[in-house]
6 protein chains.
Amino acid sequence: MHSVFIEELDAQTYAEHLARPGATIIIPAGATEQHGPHMPLGVDAMLSRTIAGAVAEKTGALVAPALCYGYKSQPRSGGGNHRAGTVSLGGCSLSQMVEDVVGSFIAQGFDNVVVLNGHFENYQFIYEGLDNAVARTRNPGAAARAMLLSYWDFVDEETLSKVFPDGFLGWDIEHGGILETSLMLLLHPALVKMDRVVDHPPAKLTPYDIFPEDPSRTPDSGCLSSAKGATAERGRLLFETVTSQVADALKNELLLGGMPLEAN
Amino acid sequence: MHSVFIEELDAQTYAEHLARPGATIIIPAGATEQHGPHMPLGVDAMLSRTIAGAVAEKTGALVAPALCYGYKSQPRSGGGNHRAGTVSLGGCSLSQMVEDVVGSFIAQGFDNVVVLNGHFENYQFIYEGLDNAVARTRNPGAAARAMLLSYWDFVDEETLSKVFPDGFLGWDIEHGGILETSLMLLLHPALVKMDRVVDHPPAKLTPYDIFPEDPSRTPDSGCLSSAKGATAERGRLLFETVTSQVADALKNELLLGGMPLEAN
Amino acid sequence: MHSVFIEELDAQTYAEHLARPGATIIIPAGATEQHGPHMPLGVDAMLSRTIAGAVAEKTGALVAPALCYGYKSQPRSGGGNHRAGTVSLGGCSLSQMVEDVVGSFIAQGFDNVVVLNGHFENYQFIYEGLDNAVARTRNPGAAARAMLLSYWDFVDEETLSKVFPDGFLGWDIEHGGILETSLMLLLHPALVKMDRVVDHPPAKLTPYDIFPEDPSRTPDSGCLSSAKGATAERGRLLFETVTSQVADALKNELLLGGMPLEAN
Amino acid sequence: MHSVFIEELDAQTYAEHLARPGATIIIPAGATEQHGPHMPLGVDAMLSRTIAGAVAEKTGALVAPALCYGYKSQPRSGGGNHRAGTVSLGGCSLSQMVEDVVGSFIAQGFDNVVVLNGHFENYQFIYEGLDNAVARTRNPGAAARAMLLSYWDFVDEETLSKVFPDGFLGWDIEHGGILETSLMLLLHPALVKMDRVVDHPPAKLTPYDIFPEDPSRTPDSGCLSSAKGATAERGRLLFETVTSQVADALKNELLLGGMPLEAN
Amino acid sequence: MHSVFIEELDAQTYAEHLARPGATIIIPAGATEQHGPHMPLGVDAMLSRTIAGAVAEKTGALVAPALCYGYKSQPRSGGGNHRAGTVSLGGCSLSQMVEDVVGSFIAQGFDNVVVLNGHFENYQFIYEGLDNAVARTRNPGAAARAMLLSYWDFVDEETLSKVFPDGFLGWDIEHGGILETSLMLLLHPALVKMDRVVDHPPAKLTPYDIFPEDPSRTPDSGCLSSAKGATAERGRLLFETVTSQVADALKNELLLGGMPLEAN
Amino acid sequence: MHSVFIEELDAQTYAEHLARPGATIIIPAGATEQHGPHMPLGVDAMLSRTIAGAVAEKTGALVAPALCYGYKSQPRSGGGNHRAGTVSLGGCSLSQMVEDVVGSFIAQGFDNVVVLNGHFENYQFIYEGLDNAVARTRNPGAAARAMLLSYWDFVDEETLSKVFPDGFLGWDIEHGGILETSLMLLLHPALVKMDRVVDHPPAKLTPYDIFPEDPSRTPDSGCLSSAKGATAERGRLLFETVTSQVADALKNELLLGGMPLEAN
């Protein structure tokens, strides 16, 4: 069985996939962003790519190279764009890149294009790029259908209560927190330094943004909450919930082409 | 006492304001968007403008003409961009317009520029425009400071429990619901037709978006929840909480110029 | 009878209008610009909106929210972009905003889109946006038709001679002059301070522009001619001529849908 | 004595000019546009370039290569963009090109940059490009100054009355008319076919624009008035007035570097 | 027989050409760029225009006004963008200008659009503009076909060995060298000063670029190799090879309309 | 010793690097593009990333996440943009993305930014983005220096003669040929299927491009030459030459910060 990641596929194998009815590509969208002293800069791209891979295996889809640079990190969800290690795109740049890449996949003949987002601040700019790409290519009667999601929106209540037994405070402060750290402990444990995890209370977020950013509003750690409770076990709970829920959503919404190529 | 709305001010009075230390301008950001059969298309612009006016009176700020067209309405927060009455800007258009307008106010000498948002989908694109305007004008040592907020983010728990005694389900489904309808009943009652309020359960929102939009996912009413419980009284609770909280935030974060001009 | 301003219409009433053959929307285009010490910053938006409303009543059209920010004020027609109170958009921003808004109305199904301009400097950039919007949406065979006009171009010779008995010197120097002040005295008298009207000779305009602007070339008042002769009576002459002439032009050029909805 | 046209200058001679105080470059702006059956498509570029050359000789300036493609021809001033022979740029393209070229000349060290326009529809889009270029380069304290003009705006009343003894009807209908034809007869007589000059009354222009353009509104000839009265003699009157007036304006407004290089 | 240059054609003659099957337009693309002390700034535009004219005569095509400003001169092929006399466009500006102009010719009805490039650095940005213009206009079934070439790529081995008897070192160092100087001696001899030709060895080019440019890496002359060996005779060899090879390529690739109009 | 790839570094380690004098970041630029039936779509990104990693180890630099989508594949260097597996960005999108990413690294404090390109068609658009980023950030006196290179331009004659004993025909036809296949056999052997290598003569490339692309001009294999002669041994020769030559160029041109952090 071959890889689901198209960067590892030869063009012939790729073309065979593309020729199948319901051909589906998943584009992971990440960022290059500080995630505290205990996790690497590539967390968002790594997680979205790995989750996309698992969803692809469940649905017969392929996975495109991850978007490794994302929209500007914001103080209220990512610690801010001023921190060392955070490297960002402007809004129009990101929207245009998404429009080009998605338009390119649709032009090749994919029936379904999914963007699986792993960086909070990306969502609206990807939405714009996707909307434009689909509008631009809709005319010729092409039946291409696109989908946009952030993986954490598929964590259900039951999993939440297990992963956050002391109460869940919202996805926004999960930057560098239990969610991401647990998933990294499961999927890329060598890149996590649990001995460096900070132990501070959740950041108090203001209900507004200030420009230019005020660095003093972000905890020194760069994390918006502590990852003390992170474990690989909790990572597994999250991973399994997310990948199965996302896979189900794809099956419900898109005309997928049946089982993976190898299973035919 | 003169108006706080600059479209009604002559240039001389305006210039006197501008010359005061801590001169502050608030830009309301709305949309032209269907809000169900019982409310007019201009709800977002009307509410953000009226709230901005009240905040201006409490802080000595002025209010700029409202941005009357907003980012594309989305099914998960506004019913979708396909509905009759919804007229939208693309993402880059909106960001660029904000960058121009904010840059223009900063160039004139305002110390503080606040964008007070009243349309959910606008936030990230205004963020981008504000960030660029402030970055562009920061060089010359100008100490301009900007702030971005959506007014509903200032409703506190106590008010929420009074306005939504049966439980609050999230701001996203409040499109055309109790929040906006109560405020409109207070502030623009002649434009609300309570006999047309629909009575359907809150829309079940998917945790993802689909392109092209699927019109069948939005309730026929165009509202994401029922406004049955809306009253002017609840509108007053919301209005007073929001305007005083926002005014406090401005006072805390910005170097305001003391009391309104008339009070000097 | 309901309002012709769509920000005050509910989506259902709006949709009924839209469904009529010959559905027509008028978009007023103004600016936020100093108009001397005697008039408010919003003159261009107020006048274009009020005139659009009167034209709509004569033609069965609807009126969209006014574009409240316009292209950079120029010394030869608006006193210049450097003056306090003048807040402007760049050329591409304005064209793109117009393209988005007009494209949005066409996509909804309007047969006719009219932009009624009230700020001299806007014209060419709106032209570009309109041209692009119509070109972009022409393909599918949609019969949408658009029209662009500045309201003062409909003042006929007879009216001119009555309003300017001492001779008419051109629309360019009418910034803050008799035309606009008379109309404001008729339509928004509370916002005009006739005791502040300057009494200086018409500005001597050069047949060229200089960059960066030279503030000394604009009269201190910010007006390019004196509004001494302005009266509400002259405002009425202008208003009646303009609104009936513009309405006639719409009737001649566009396939309007007959009488207003209420008259059916 | 060497050429004033920089495309014909070697870099060394050019650099000597540039090093002089008050170094001035004139950029002619034309179009590729039908000018009736009797004149070539390049009229606007040819006339602006030749006039710029004469002004340069009077002022010690140099002339840059002409902008040969202009903004979309409009029915009310150029016959419309739909006619064979008319090849146009969009508004943002033109503004951006001007910003780049002007910015490039300023960066090299020119003290003064003049754009001499010969195509009616260009003016506002060049204005935007010039304004942006000067704003962008103003920061470092560079004292660059720019000027924008259309050559016909320098024809004085006396010349008008001689060239149009039967009355002057406005520059807008002069597309392919007496002004341009007379100048071409003087400057490029081999490219004018007077036997093909049409003899129809001036086009009746509407005070508005329609989109998409209605080809029936433009006379079949593509000219907005007849060039019957055009003569080389009238061309000489126009040419001498325009070149001396424009040269005077440059001398008054700009710090020119004294006499031409050869005269030093 | 009339000119092949459309700026010299009246609209009627132009329209007759356009109506022929296989109507073809060639757009020369040059630059304004220093070419050493012995040649003028307009070399690239002059050569591409003259070569285009000769090709047009061999193929029945027409020639559009040359693009006189090109992409930023680079140290490895044009001496760099910092040198006096070099005036450039940004990449997006150039691509957009090409897209507009090419799109305009296709919309008018040309069957074939050829861009004949004479400035090394232009190629990729013109490619982008052409690709977008053709993609944009392909939908309606229009059979427009476009072609892009740089003229020196048509010099064959035999000619190379005659023109560079001591060995050919690559087109990149030919900036201001034997190729261009020989062609100028043939086609525009009055603009070449052979007594100023520098005699230095070919520039040693690095296999990389540095930003900001390091002026010391370009020879003082601005030329990347010596033009000592340039002669009009060699210019003729080059000109005849290039024009006949390019004409053959057009005939092979495009459906040309047979012989020139005059020959019909 | 820690990784040189910043996606694997935590923010604290990254910040320590950044604080060193001469801090240098290398951005690999690849593409998603078919490379024949025997190699995967990610060849360009993989090779540029791996080579960047080796250069980083020799110079103390860090490596940024690779740009995984590149400019449109062209028939004359990459087989064309129409082939299955090739997913591309437009020119302005790529330039803008590079400008944002490079500008972000400079703003953080890197002294040197290197883009190491592995996709032929990218070069000019990356050049534009780099040039703009450096120009934009140059003002504040920041001494940031940038460098752009394509790795194959560092293969010396001696290596060429060993790798291509039958003669080297140019980098353009090496798409999917011996160069890339040998490097992949060395660096990512599991992703190469040598039994699928095609055996056809080098593609005959025209000296021009045609739009829309003519698929019949590219060999069915998608490769422009045969990779029959590819071996891991030749890959090693190429890899060692390229990495040591590029490292030397960095040391010569940039002020590097001495040895890697661990060695200090």
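The values are calculated or read from the model by the stated rules, or taken from the named source; none is laboratory data. From a predicted model like this one, the values you see are computed outputs, not experimental measurements. Note that each Cβ is placed from the backbone with ideal geometry, even for glycine, and that neighbours are counted across all protein chains shown. In case anyone asks, the SASA skips ligands and DNA or RNA and just uses the protein heavy atoms, side chains included. Shrake-Rupley method; radii C 1.70, N 1.55, O 1.52, S 1.80 Å.
Some notes on this structure:
- Just one of the listed residues (E:Leu191, E:Leu130) is of a type in the set (A, V, I, L, M), open to solvent by 30 Å² or more (accessible area, probe 1.4 Å) and at pLDDT 95 or above, and it is E:Leu191.
- Scanning segment D:88-112 for residues that are over 18 Å from the mean Cα position of the chain (by Cα) and charged (D, E, K, R) gives D:Asp100, D:Asp111.
- Flag if D:Ala230 is under 15 Å from D:Val43 (Cα atoms), more than 14 Å from chain C (Cβ to nearest Cβ) and either touching a helix residue (DSSP H, G or I) at 6+ places or on another chain (Cβ under 7 Å) or of a type in the set (Gly, Ala, Ser) (or both): yes
- Of residues in segment D:228-259 being at pLDDT below 95 and buried (at least 20 other Cβ atoms within 10 Å of the Cβ), the one nearest to the chain's Cα centre (by Cα): D:Leu254
- Test: residue in segment B:159-168 that is outside any strand (DSSP E or B), of a type in the set (Val, Ile, Thr), farther than 20 Å from B:Ile25 by Cα and under 17 Å from the mean Cα position of the chain (by Cα): no
- Condition met for B:Asp100 (touching a helix residue (DSSP H, G or I) at 6+ places or on another chain (Cβ under 9 Å), of a type in the set (Asp, Glu) and more than 10 Å from chain A (Cβ to nearest Cβ)): yes
- For segment B:110-126, a residue qualifies if it is in a strand (DSSP E or B), touching a helix residue (DSSP H, G or I) at 6+ places or on another chain (Cβ under 6 Å) and β-branched (Val, Ile, Thr), and the qualifying residues are B:Val113, B:Val115.
- If you check A:Leu179, A:Leu185 for being in contact with an Asp or Glu (Cβ under 9 Å, 6 or more places away or on another chain), more than 30 Å from B:Val102 (Cβ to Cβ) and not in a loop (DSSP other than H, G, I, E, B), only one passes: A:Leu185.
- Residues that are within 13 Å of chain F (Cβ to nearest Cβ) and at pLDDT 95 or above, drawn from segment E:82-97: E:Ser88, E:Leu89, E:Gly90, E:Gly91, E:Cys92, E:Ser93, E:Leu94, E:Ser95, E:Gln96, E:Met97
- Residues located in segment B:70-84, provided they are closer than 28 Å to B:Gly109 by Cα and in contact with a Pro (Cβ under 7 Å, 6 or more places away or on another chain): none
- B:Met184 fulfils the conditions (1) within 22 Å of C:Ala66 (Cβ to Cβ); (2) more than 14 Å from chain A (Cβ to nearest Cβ); (3) open to solvent by 10 Å² or more (accessible area, probe 1.4 Å) except for a single criterion, (3).
- When D:Asp209, D:Asp248 are screened for being within 13 Å of chain C (Cβ to nearest Cβ), among the charged types (D, E, K, R) and in contact with a strand residue (DSSP E or B) (Cβ under 6 Å, 6 or more places away or on another chain), only D:Asp209 passes.
- Taken together, the residues in segment B:137-175 that are within 10 Å of another protein chain (Cβ to nearest Cβ), modelled with pLDDT under 95 and open to solvent by less than 40 Å² (accessible area, probe 1.4 Å) amount to 1.
- Of all the residues in segment D:127-153, those that are more than 21 Å from the chain's Cα centre (by Cα), among the hydrophobic types (A, V, I, L, M, F, W, C) and part of a helix (DSSP H, G or I) number 1.
- Cβ separations smaller than 7 Å between residues 6+ apart or across chains give the following pairs from segment F:183-206 residues that are farther than 14 Å from F:Gly235 by Cβ and without any contact (Cβ under 8 Å) to a residue 60 or more places away in the chain to residues that are open to solvent by 40 Å² or more (accessible area, probe 1.4 Å) and outside any helix (DSSP H, G or I): F:Asp199/F:Lys228; F:Pro202/F:Leu169.
- Put simply, of E:Leu47, E:Leu9 the only residue that is open to solvent by less than 20 Å² (accessible area, probe 1.4 Å), closer than 23 Å to E:Gly235 by Cβ and modelled with pLDDT of 95 or more is E:Leu47.
- The residues listed here are B:Gly36, B:Gly85, B:Gly70; of these, the one that is within 30 Å of C:His17 (Cα to Cα), under 15 Å from the mean Cα position of the chain (by Cα) and buried (at least 24 other Cβ atoms within 10 Å of the Cβ) is B:Gly70.
- Scope segment E:104-127; condition open to solvent by less than 10 Å² (accessible area, probe 1.4 Å) and more than 19 Å from E:Glu253 (Cβ to Cβ); matching residues: E:Gly118, E:His119, E:Glu121, E:Asn122, E:Phe125
- Residue satisfying all of: in segment A:1-58; of a type in the set (Ser, Thr, Tyr) and touching a Pro at 6+ places or on another chain (Cβ under 6 Å); nearest to the other protein chains (Cβ to nearest Cβ) among these: A:Thr32
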